[in-house]
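Inspection log for the structure reproduced underneath, given as structure tokens.
The values are calculated or read from the model by the stated rules, or taken from the named source; none is laboratory data. Keep in mind that what you see is a predicted model, and the values were worked out from it rather than measured. Please note: Cβ atoms are built from the backbone with ideal geometry, for glycine as well, and neighbour counts cover all protein chains shown.
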Amino acid sequence: MANAHAPATAKGRATRERILQAAAELIAEKGTASNEPRRPSWHTPAPAAASFYHYFEDRDDLVHAVIDVTIDAVLDTQGELLDHLDSWAGIDRWFDSLVQQQIDRQACGCCPIGSLAGQLAERTPDARAAIAAGLERWEGTCATASPA
């Protein structure tokens, strides 16, 4: 979903990014089930709902942005390792990094994309499609680097 409210200034882009990061962190930590679906301000540090609507069209717009930023973060975090899945040693390093992530997190949280799928896929067809597209991006990255 394209954001019709994309900020034109650096300050506006930074504010939107802070709101987006706060929402992504909150969803990752606490999920979405306990939040009121009609009140978009539950996940934004902005002082008022009007500020939220300055940066996002609605809650679905924010959810889609969270999906995108989460998938980008997974690909960025795993990026270099995914580029080296062309050998068993590369696959072994990737698995070791996934185990280390869980050790670093003290086993809190699981796959960020899988978590989003579990929380959001049943809400709307658009969210389901966005998560599926993200999984396809991740899978495509893995598949193109995998050993033959």
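Tabulated values for the structure
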quantity	calculated
Complete set of residues in segment 1-51 that are modelled with pLDDT of 80 or more and polar (S, T, N, Q)	Thr9, Thr15, Gln21
Residue satisfying condition, being touching a helix residue (DSSP H, G or I) at 6+ places or on another chain (Cβ under 9 Å) and modelled with pLDDT of 85 or more, within set Asp68, Asp58, Asp92, Asp86	Asp68
Top-ranked residue of segment 115-128 - restricted to ones that are under 14 Å from the mean Cα position of the chain (by Cα) and in a helix (DSSP H, G or I), ranked as surrounded by the most Cβ atoms within 10 Å (Cβ to Cβ)	Leu116
Some residue of segment 98-113 being of a type in the set (Gly, Ala, Ser) and in a helix (DSSP H, G or I)	no
Search result, residues across segment 49-78 that are of a type in the set (Gly, Ala, Ser) and touching a residue at least 60 places away in the same chain (Cβ under 8 Å)	Ala65
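Rundown of residues vs (1) within 18 Å of Ala73 (Cα to Cα); (2) without any contact (Cβ under 8 Å) to a residue 40 or more places away in the chain; (3) small (Gly, Ala, Ser), yes/no style:
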site: Asp83; (1), (2), (3): yes, no, no
site: Ala89; (1), (2), (3): no, yes, yes
site: Gln101; (1), (2), (3): yes, yes, no
site: Leu116; (1), (2), (3): yes, no, no
site: Ala133; (1), (2), (3): yes, yes, yes
site: Ala143; (1), (2), (3): no, yes, yes
